[in-house]
Amino acid sequence: VLTSAKADRSKMLFYSFFKSLVGKEVVVELKNDLCICGTLHSVDQFLNIKLTDISVTDPEKYPHMLSVKTCFIRGSVVRYVQLPADECDTQLLQDATRKEAAQNKQR
């Protein structure tokens, strides 16, 4: 069970990670199965995401999204964020996660 402080530290790890991806192309899959591709414009501490130059992966299913070019996505409705492999330093992310887990274990 995550305490509030542990959850906040975990959120900050992802917040810092996503801040490093600003300006990169990402695909955000929402809990309602809508997938939105776009350029990551900003992210906040609640992991809310703003995308620019967006497109949807299934325009036939979501025709109302064709005219939208910028969107704000509430963090709580995000299922996955797909990142280009070459933009993600997996070793650095794994090291940071292990370090945080070790710190939490010591408490």
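Taken together, the values in this text are just the output of simple stated rules run on the coordinates, not laboratory data. Since we're looking at a predicted model, the values are computed, not measured. Cβ atoms come from the backbone with ideal geometry, glycine included; neighbour counts cover every protein chain shown.
Brief remarks on what is shown
- Where only DSSP H runs of four or more residues are counted, the chain gives -10500 deg cm²/dmol as its mean residue ellipticity at 222 nm, each run worth -39500 (n - 2.57).
- Among LYS61, LYS31, LYS69, the largest mean-square fluctuation in a Gaussian network model of the chain, built with springs joining Cα atoms closer than 10 Å, belongs to LYS61.
- With respect to the chain, whose longest principal axis is taken over its alpha-carbon atoms, helix 90-106 is tilted by about 40°.
- Per-residue packing, averaged as other Cβ atoms within 10 Å, sorts the ranges 38-45, 15-22 into the order 38-45, 15-22, beginning with the highest.
- Pairs beyond 28 Å (Cα-Cα), from LYS19/LYS61; LYS19/LYS99; LYS50/LYS105; LYS31/LYS99: LYS19/LYS61; LYS50/LYS105; LYS31/LYS99
- Kirkwood hydrodynamic radius over Cα pairs of the range 4-87, then Stokes diffusion coefficient at 20 °C and 1.002 mPa s, in µm²/s: 162 µm²/s
- Note, ³J(HN,Hα) from phi for the range 13-22, Karplus 6.51, -1.76, 1.60, rounded to Hz, x at Gly and Pro: 4, 5, 4, 4, 4, 5, 4, 6, 9, 4
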